[in-house]
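See structure below.
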Amino acid sequence: MTNEAIAANFSLLSKLMDIHGDNAFKAKSYASAAFSIDKLPVELSTLSQDKIFIQKGIGESTGKRIIEQLETGRLAILDEYLAKTPEGIIEMLNIKGIGPKKIATIWKELEIETLGELLYACNENRLTLYKGFGEKTQNNIRDAIEFYFNALGSYLYQQMEEFEPKATKKLLESFPGATFLSTGAYRKQHEIVDILEWVTTTSLEQLKSFFIQQQFTIVSENSSYLSVRAIENVTLGFYISTIDSCFQKQFETSCSEEFLSAWKVSYPFDASIAYTSEEAIFERAGIAYIPPYYREDPAVIEKAKEKKLPIIIQSDDIKGIIHSHSKWSDGSHSLEEMAKAAKEQGLEYLVISDHSKSAFYASGLEIERVLAQHEQIDELNQQLGSFRIYKSIESDILNDGSLDYPDEVLASFDLIIASIHSNLKMPQDKAMMRLITAIENPYTSILGHMTGRLLLSRNGYPVDHEKIIDACAANDVVIELNAHPRRLDIDWRWIGKALDKGVLISINPDAHAIDGFKDCKYGVLAAQKAGLTKDQNLSSFSKDQFEAFLVQQHAKRP
């Protein structure tokens, strides 16, 4: 082993000991050893054992650990610490601005174990609730995590939303007269985008020359396709086409493989036809235009043939904000500010659903604070004219599936959003028990972020989607489509099953600030892929329709 590798092991061991709160003196001695070894002018592997012990900064204990590594290639005590430390905690050491002491707080007090969870906590303003984490520190940590994630090469749709139009504009300016048609995952509104793609009439040689001059890395190429990686670590892909075939190629690369196979069976392409637009492909087939985002399930083709395509939900169909947080718990704005902003944006109502008492990490509301918040809501509703604030809570689903207030308190809310926030590492049977029990609680109106997933960072707990959907249908419970671009949970691929069972979806922003209202858009983009209509979405209900929904929900209560 090299000095560099041995020093790195000692440095990591020191940090892990600090994170676990173990012997501070030993942790410091390993850190000092790492520093000394890194500065040695000679490789330890070239020295005899007795000479290792006389090197500056190396004592008897560290000397033995060095010999262990030179002989075995391992450091047993480090392996022990690695085994008992979650991978995400170790990964946090790569993030600028958070050392072992802060990581210990994040892990032990906030119960956060992955970078994705930490980023989400920053966005929810949770870090500032803890000693040593001011707003500036929180912002720096968030920026550092986002930079780290970008280096991994996969992105949320939302992260590509600004990059893609700018890239298209740059391409059109750089190749005057050429065609660049957006296609692939971004055009299909996938929640994760690994590569931005276009169909182009530019030649392979021209593209390669341009990107080499721009210091892009060539990832792959053949006669009809080129992919390159930008300095920002975004991968760009180009289907090389002629002007006569570019719209057919755009169509073929803007749908799922299953959809395309079914299409070709019903409507085989004629090589002699040059389509002048993608719409012309549908006109020739004699069926209604199917948007790219809806070209996943082949069954959609049959709906188009029969002219039975749904009128799919749009962003301006959202009438109210359901699931939002204020300064009463971990939000950034006051309840009054949130309500007035929603009203100014033309919305009809706001459902305030701050965290419940079990969410201590998010300043969850104890019973007396629930009562005080309700008094403020009553006062504000007197001032806001036709706009209305509804009393809600995001009630934690506890380990036994119960909600964390007694029934008389639950009865004081207009509706309850039930969500799992703690003890996420559980087998499917445990997760299902908690979820089904909460769904069967007569006070539950909406099941929040069903799987607890965080895109690109946490898979979420395992669930049986069909059984949850059946339980929601049986108990008249709405399923949330949490619209935060890092959640998008329920996954759009299961929405169709819910709709088949008559279960309402609710596109909710889970807004922790006024700016979070706009996240409804990402929920809409995901829901469009499932063919959701506004009538099937609770947050598209008018205020009067929403109040009628509340009457039905209250009829469930004992």
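The values are calculated or read from the model by the stated rules, or taken from the named source; none is laboratory data. Keep in mind the model is a prediction, meaning the values are calculated, not measured. Neighbour counts run over all protein chains shown; Cβ positions are idealised from the backbone, glycine included.
Against the definition (surrounded by fewer than 21 Cβ atoms within 10 Å (Cβ to Cβ), of a type outside the set (Lys, Arg) and at pLDDT below 95), how does Ser412 come out, yes or no? Explain how you work it out, then say what you get.
Working: surrounded by fewer than 21 Cβ atoms within 10 Å (Cβ to Cβ): yes; of a type outside the set (Lys, Arg): yes; at pLDDT below 95: no.
Here the answer is no, as Ser412 does not meet what is asked.
Restricted to the range 173-223, and to residues there that are free of Cβ contacts under 8 Å to residues at least 12 places away in the same chain and assigned to a strand (DSSP E or B), the residue that is farthest from Phe251 (Cα to Cα) is Ile218.
Only a single item in (1) in contact (Cβ under 8 Å) with a residue 40 or more places away in the chain; (2) surrounded by fewer than 21 Cβ atoms within 10 Å (Cβ to Cβ) is not met by Ser356, and it is number (2).
Cβ-Cβ contacts under 9 Å between residues 6 or more apart (or on different chains), taken from a first residue in the range 12-29 that is charged (D, E, K, R) to a second residue that is not in a helix (DSSP H, G or I), are listed as Lys15/Leu93; Lys15/Gly99; Asp18/Gly99. The residues of the range 83-105 that are of a type in the set (A, V, I, L, M, F, W, C), closer than 14 Å to Leu115 by Cβ and part of a helix (DSSP H, G or I), listed by number, are Ile89, Ile90, Met92, Ile103.
Residues checked against (1) assigned to a helix (DSSP H, G or I); (2) aliphatic (A, V, I, L, M); (3) within 22 Å of Ala342 (Cβ to Cβ); (4) in the same structural domain as Tyr294 (by TED's automatic domain parsing):
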| position | (1), (2), (3), (4) |
| --- | --- |
| Ser506 | no, no, yes, no |
| Lys521 | yes, no, yes, no |
| Leu525 | yes, yes, yes, no |
| Ser539 | yes, no, yes, no |
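Applying the condition of being closer than 29 Å to Thr114 by Cα and acidic (Asp, Glu) to the range 453-503 and asking which residue is surrounded by the fewest Cβ atoms within 10 Å (Cβ to Cβ) yields Glu466. Evaluated against (1) touching a strand residue (DSSP E or B) at 6+ places or on another chain (Cβ under 9 Å); (2) assigned to a helix (DSSP H, G or I), Ile352 falls short on exactly one condition, (2). Only one of the listed residues (Ala299, Ala339, Ala262) is under 32 Å from the mean Cα position of the chain (by Cα), buried (at least 19 other Cβ atoms within 10 Å of the Cβ) and small (Gly, Ala, Ser). That residue is Ala339. Consider the range 410-432 and keep the residues that are in a loop (DSSP other than H, G, I, E, B) and of a type in the set (S, T, N, Q). The one that is farthest from Phe546 (Cα to Cα) is Asn423. Scanning the range 379-409 for residues that are free of Cβ contacts under 8 Å to residues at least 40 places away in the same chain, touching a strand residue (DSSP E or B) at 6+ places or on another chain (Cβ under 9 Å) and part of a helix (DSSP H, G or I) yields a total of 1. Each residue in the range 1-42 was checked for being surrounded by fewer than 13 Cβ atoms within 10 Å (Cβ to Cβ) and in a loop (DSSP other than H, G, I, E, B), and 6 pass. If you go through the range 232-285 and keep only what is in contact (Cβ under 8 Å) with a residue 60 or more places away in the chain, in contact with a Lys or Arg (Cβ under 9 Å, 6 or more places away or on another chain), part of a loop (DSSP other than H, G, I, E, B) and not polar (S, T, N, Q), you end up with just Cys255. For the range 106-145, give me each residue that is outside any helix (DSSP H, G or I), without any contact (Cβ under 8 Å) to a residue 60 or more places away in the chain and over 21 Å from the mean Cα position of the chain (by Cα). Within the range 106-145, Tyr130, Lys131, Gly132, Phe133, Gly134 qualify. Among the conditions (1) under 43 Å from the mean Cα position of the chain (by Cα); (2) exposed (fewer than 14 other Cβ atoms within 10 Å of the Cβ), the only one that Lys56 does not satisfy is (1).
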